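Trainee: Questions regarding the structure given below will be posed in turn.
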Amino acid sequence: MEVLDILLTVNFWAASVRIATPMIFGVLGALVCERAGVLNLGIEGIFTAGAMAGWMAVWAGADLWTGVAVAAAAGGLFGLIHAILTVPLGLSQHVSGIGVTLLASSLSYFIYRTALPDVTTPPRIAPFRPVDIPVLSDLPFIGPVLFQQTPLTLLAFVLVGVVAFVLYRTPLGLAIRAVGDNPASVEAQGLSVHALRMGAVVAGSGLMAMGGAFLTMSAFDAFFFGMVNGRGWICIALTVFASWRPGKALLGALLFGAFDAFQVRLQTEVGAFLPSQVFLMLPYLLSIAALVAVARKADYPRAMLTPWFKGQR
Amino acid sequence: MTDRPPVLVLDGITKRFGPLVANDCIELTLAPGEIVALLGENGAGKTTLMNILFGHYTADAGRVRVADGAGGLSDLEPGSPGAALAAGIGMVHQHFTLAENLTGLENIVLGTEPVLRVWGGRAEARAKAARLMRESGLEVDLDARIDQLTVGERQRVEILKALYRDVRVLVLDEPTAVLTPQEAEGLFAVLRLLAAKGLAVVFISHKLGEVLAVSHRIAVLRAGRKVGELETAKADRRAIADLMVGREVAASRRSPLEPGAPVLELDGVDVAGKDARRSLHGASLLVRAREIVGIAGVSGNGQAALAALIAGLAAPDGGRMRLNGRPVARHDSRAFVEAGVARVPEDRHHDGVVGAMSVAENVAIEDIRAKGFQHWGFIDFAAIRSRAEAAIRDYDVRCPGPDAPARLLSGGNIQKLILARVLERDPRLILANQPTRGLDVGAQAEVHRRLLAARERGAGVVLISEDLDELFALSDRIVVIHAGRLAEAGPPEALDRGTVGLMMAGHGREDAA
């Protein structure tokens, strides 16, 4: 019975939302890239770069929101590398993405070590504080779960709406959806396939990096090695789970967050019987199960992974 | 019609793809309100010309000039579909350029709205599209996703896309290829209506009948050149067919041979393919040893089904098929290879070789289980190499060596490699599907020589080709394929190409002759 009681606690739901936040950024970013037809496996490294760049900007004296902007810009920069390699040059999106991940994470660790050669305990910054919104934050249950989070969590929720609006309600979103399905449709209507794809990859990478920034500036207050810990890869899977739709992306991220929050609490309840690693596996296993159930019907962007060259025969 | 000031002038358009001259100094003038048909066989350069007009390709020489509204002509910026659209040129591509995850209306407005606009509804766009549908008779559900629409409906969306931009020139690339006859009739009515309202229409086709039915003027392309232009009203069907397929007859180097025993017999064979292009209806065919049977036809009339059947890649759904006088027990490509069937595939890069594997491996790939190529289940690379070296020497395959990956070879050399692979097995039946398409003259002659030599050695050959010169030069008998049906035309000596051209367009033997 105690196990199910977990699901009724405010604490559990608040933790789910907190854990889901970087995933929301990441899935939205991956979704924007893939909707335009480019798989961005640079996501894991871009998370790391965002985490490092945002944290370092604040550590060097910038305010927190400037730090977020710096993180997004760093992500956009690595996205630009991926975009140049895969869009006009048409190289393998898998190879380029893995390369960007290796480059971005190594470069982040290198810069961190170069800037702080002697520290043993990672220096801390003053991270984002939970917001206190009149009325909303005081609501029972809803208040602590949604409105006592940090500003980045609220931003993530807002961005879900923004990305959905841009994709489904603006000419730009229409062009992005078209270019991921059939680049020829965009070309034949006089738009630039390459400009659209590169723009989407850079913007999507910026979103991914904000997910990384959340880790060092909201969830924690310092930068650790290996702190991204596969979150980027999970976002790639969650994008399929979400069928490339922002609303479902939010749902997928929350589901993952809930699994993760659940396993931590489960450990304390029944941890005596099972090794802790089993619980750590749980959110990933459940994500895979959910993915398998959903992905069969997934409506892939048809032109994903296919480079496009003008005037090819 | 031609007395009106032109809306569009193509001036000396030339385009090369490597050694191939796809368009050779082509001139074309278009006036408002006329339907001009661009007629020619596959590979004549029709689509290339229109892709240059629309900015998908950039011409190597020549220019496109459009009426500037002030009574003059101005040059169109090359290589930009956006510029072509702005100049009032719309194109309905053969392979539709529609995003299938969007609705018809979304495809229509794509690119017409300012990209960075945030607010503003589709109400005006919808009203305009609805008005165009009413005026043109192109009715389609604008809110259905493209992947829910039939091919005919998708084409209507494509045409509406162009009309929505208020085009002055509408190019349609093989628009009837995907339509049923009834849908095609409907399309012709729409085109006549649009032309009557002042639109200039370019209608690309290789089908003589529909060109005569719908156009005012016909421009004939052959091998990248414009070989004739005439008023449809004054055109003679026979004269156009001759113009389209060409009169040059390559000297036949065929020596008379007495055909031997049957190697392939088809008797009322049906193949129910996914679509008409991959179907056969009651096909009967006899191929004997020491003869070449040429299959003439416009591409997409069932050649793919026939080739798959003869290669053992497809099984018939009805009728009888015999190989070497015996009924076929297993329709599987290995059984066919072992029965002595040699396959020269249509798409030699895709179906003929494995690009990443070496020349030597590609030589051995089809009969790797044969005694000479393996030893206790292991591949005998020494044997394969020596076979490959012999192939390179005897067939003059230009390549860095037997270990070079096959993808490095040119099309002509890949074809020689394939010929070396299949002919050295001394086959009894050879399926040669478009064996010289895209090859230069030298490589073509080499392929012809090899096929004739195989015939003299006793093989039966099925030669599927869209090149009438080739068919007339090599074939002992010509059989025409149209809409999945085979019709015996006879020996080339007793035929003229106009007759074959008409049969290719679906006329009966007596009707055509």
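Trainee: Over the whole of B:90-101, what's the average partner chain Cβ count within 10 Å per residue? Rounded to a whole number, please.
Mentor: Across the residues of B:90-101, the mean count of other-chain Cβ atoms within 10 Å is 5.
Trainee: Further, regarding this structure: What is the distance in Å between the Cα centroid of region A:1-65 and that of region B:53-104?
Mentor: Cα centres, region A:1-65 to region B:53-104: 45 Å.
Trainee: Among B:284-297, B:60-73, A:20-33, how do they line up by average Cβ neighbours within 10 Å per residue, starting with the highest?
Mentor: Result, highest mean Cβ count within 10 Å first: A:20-33, B:284-297, B:60-73.
Trainee: Next question, about the same structure. If you place +1 on the Cβ of every Lys and Arg, -1 on the Cβ of every Asp and Glu, and leave all else neutral, what size is the dipole of region B:216-305 about its Cα centre, to the nearest 20 Debye?
Mentor: 440
Trainee: Pairs of alpha-carbon atoms within less than 8 angstrom and 6+ residues apart define the contacts here; what relative contact order does region B:95-166 have, in percent?
Mentor: 52
Trainee: For region B:354-408, what is the relative contact order in percent, using Cα pairs closer than 8 Å and at least 6 residues apart in sequence?
Mentor: Here the relative contact order equals 52 percent.
Trainee: Something else about it: For region A:119-196 and region A:197-269, write down the distance between their C-alpha centroids in whole Å.
Mentor: Computed from Cα coordinates, the inter-centre distance equals 12 Å.
Trainee: To continue, here is another question. So how do A:135-145, B:450-460, A:239-249 stack up, highest first, on mean other-Cβ count within 10 Å?
Mentor: Final packing ranking: A:239-249, B:450-460, A:135-145.
Trainee: Moving on. Rounded, prolate or oblate, given the Cα gyration tensor of chain B, with a/c below 1.5 counting as rounded?
Mentor: prolate
Trainee: Turning to a different aspect of this structure: Please average, across the residues of B:46-56, the number of beta carbons from any other chain that are within 10 Å of each residue's own beta carbon, and give a whole number.
Mentor: 2
Trainee: Now for a separate question. Roughly how crowded by other chains is peptide A:167-176, in terms of the mean Cβ count from those chains within 10 Å of each of its Cβ atoms?
Mentor: Per residue, the average neighbour count from other chains is 5.
Trainee: Tell me the mean residue ellipticity at 222 nm calculated for chain A from its helices only (DSSP H runs of n ≥ 4, each -39500 (n - 2.57), averaged over every residue, nearest 500).
Mentor: Here the helix-only value at 222 nm equals -22000 deg cm²/dmol.
Trainee: Sort out for me the Cα centre separation of region B:1-50 from region B:370-398, rounded to whole Å.
Mentor: Their Cα centres are 49 Å away from one another.
Trainee: Going toward the positive end of the dipole of region B:95-166, with +1 on Lys and Arg Cβ and -1 on Asp and Glu Cβ, which of B:Leu142, B:Phe96, B:Leu132 do you reach last?
Mentor: Value: B:Leu132.
Trainee: Check every DSSP H run in chain A and write down those whose alpha carbon atoms cover 24 angstrom or more along the long axis and whose mean Kyte-Doolittle hydropathy is -1.0 or greater.
Mentor: The qualifying helices are A:10-35, A:64-86, A:93-115, A:151-169, A:193-214, A:246-270, A:276-295.
Trainee: Skipping prolines and chain starts, which residues have an amide H placed within reach, meaning under 5 Å, of the one on B:Gln374, given they are 5 or more residues away or on another chain?
Mentor: Amide H neighbours of B:Gln374: B:Asp380.
Trainee: Now, a different point. Ranking request for peptides B:398-409, B:197-208: highest mean number of other beta-carbon atoms within 10 Å first, then the rest in descending order.
Mentor: Ranking the peptides B:398-409, B:197-208 by packing returns B:197-208, B:398-409.
Trainee: To continue, here is another question. Once the piece of chain linking B:Leu257 and B:Ala61 is laid out straight, how much longer is it, given 0.36 nm per residue of separation minus the C-alpha distance between them?
Mentor: 65.7 nm
Trainee: Do you know the relative contact order of chain B, to the nearest whole percent, from alpha carbon pairs under 8 angstrom that are 6+ apart?
Mentor: Over chain B, the number comes to 15 percent.
Trainee: Answer with one residue from B:Gly273, B:Ala404, A:Leu155: the one whose Cα lies farthest towards the positive end of the charge dipole of the protein assembly as shown, charges on Cβ with Lys, Arg +1 and Asp, Glu -1.
Mentor: Checked the options; the winner is B:Ala404.
Trainee: Per DSSP H run of n ≥ 4, the term is -39500 (n - 2.57); total these for chain B, divide by its residue number, and report the mean residue ellipticity at 222 nm rounded to 500 deg cm²/dmol.
Mentor: Value at 222 nm, helices only, nearest 500: -9500 deg cm²/dmol.
Trainee: May I pose another question? Indicate the gyration tensor shape class of region B:95-166 (rounded, prolate or oblate), computed on the Cα atoms with a ≥ b ≥ c the square roots of the eigenvalues: a/c under 1.5 is rounded; otherwise a/b larger than b/c is prolate and the rest oblate.
Mentor: Verdict is oblate for region B:95-166.
Trainee: Got a sec? Which residues in region A:238-273 would a label at A:Asn11 touch, if it sits 7 Å along Cα→Cβ and we count backbone N under 20 Å?
Mentor: Label zone hits: A:257-273.
Trainee: State the three equivalent ellipsoid semi-axes of the protein assembly as shown, derived from the C-alpha gyration tensor as the square roots of 5 times its eigenvalues, in descending order and whole Å.
Mentor: Working from the Cα gyration tensor, I get semi-axes of 58, 36, 24 Å.
Trainee: Can you classify region B:354-408 as rounded, prolate or oblate using the Cα gyration tensor, where a ≥ b ≥ c are the square roots of its eigenvalues, rounded means a/c under 1.5, and otherwise it's prolate if a/b beats b/c and oblate if not?
Mentor: Prolate, because a/c is 1.5 or more and a/b exceeds b/c.
Trainee: Could you give the C-alpha radius of gyration of region A:168-313 expressed as a fraction of 2.2 N^0.38 Å, taking N as the number of residues it contains?
Mentor: Ratio of Cα Rg to 2.2 N^0.38 Å: 1.32.
Trainee: Quick one: among A:Ser276, A:Ser218, A:Ser16, which has the greatest mean-square fluctuation in a GNM of chain A with alpha-carbon springs under 10 angstrom?
Mentor: A:Ser276
Trainee: A further question on this structure: For region B:346-383, list residues with backbone N below 14 Å from a point placed 7 Å from the Cα of B:Leu408 toward its Cβ?
Mentor: Only B:355-361 pass the distance filter.
None of the figures in this text is laboratory data; all of them are computed from the coordinates on show. Quantities reported herein were computed from a predicted structural model and do not represent experimental measurements. Cβ: placed from backbone, ideal geometry, glycine included. Neighbour counts: every protein chain shown.
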